[in-house]
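Structure record follows, encoded as structure tokens.
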Amino acid sequence: MHKAIILSVTCLFAAAAYAQQYKWVDQDGKVRYGDVPPPGANATRLKPPAGGPSSTTPAPEAAAKKDAKPLTPEEAFRKRQEDATKDRDKQAQAEQQAQAKRQNCTQARDALRVLESGDRIQRTDAKGERYYLEDADIARETARARQAVQQWCS
């Protein structure tokens, strides 16, 4: 008798756990959860719990993989090698981009430091002649250098 009661209570809790759950904010600004949101509420549908009924239905990709013929050991080995090579290439590319970003950040900070030093700044024109930047030119280049620091160092 007690086992039957315990079993039925357990089944009720399990059914409640698998029911679709919603999340909404009531008129008092409190977040509420339930299986039926009130009419007119802006409710968000929550994901079912892991291992619920939706986990027993295979995803379309999984169904396609089931229908595909199994790979031979040699084909599986080649596929793993290709995947590993792709992963290494992605990682190397990400590292190169990070290194370039660090270098650009260092250069931008150095340029900003020189511009903000207060020293006279000279440049060379196309003829090879030196000239000094005026205050307005320094202000423009300082603004550009600050933008570069913000872009590369953030």
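Read-outs: derived from the displayed coordinates by stated rules, not from any lab. Worth saying up front: this structure is predicted, and the values here are computed from it rather than measured. In this analysis, Cβ positions are derived from the backbone assuming ideal geometry, glycine residues included, and neighbour counts consider all displayed protein chains.
Descriptive notes on the structure:
- Less than 5 angstrom separates the built amide H of residue 21 from those of 46, all sequence-distant by 5 or more or on a different chain.
- Note, ³J(HN,Hα) from phi for region 96-109, Karplus 6.51, -1.76, 1.60, rounded to Hz, x at Gly and Pro: 4, 5, 5, 5, 4, 5, 4, 5, 5, 5, 4, 5, 5, 5
- Counting 0.36 nm for each residue step from residue 30 to residue 76 and taking away their Cα separation leaves a gain of 11.3 nm.
- In region 69-154, lysine pairs closer than 25 Å at Cα, eight or more apart or cross-chain: 5
- The charge dipole of region 95-154, taken about its Cα centre with unit charges on the Cβ atoms of Lys, Arg (+1), Asp and Glu (-1) only, comes to about 200 debye.
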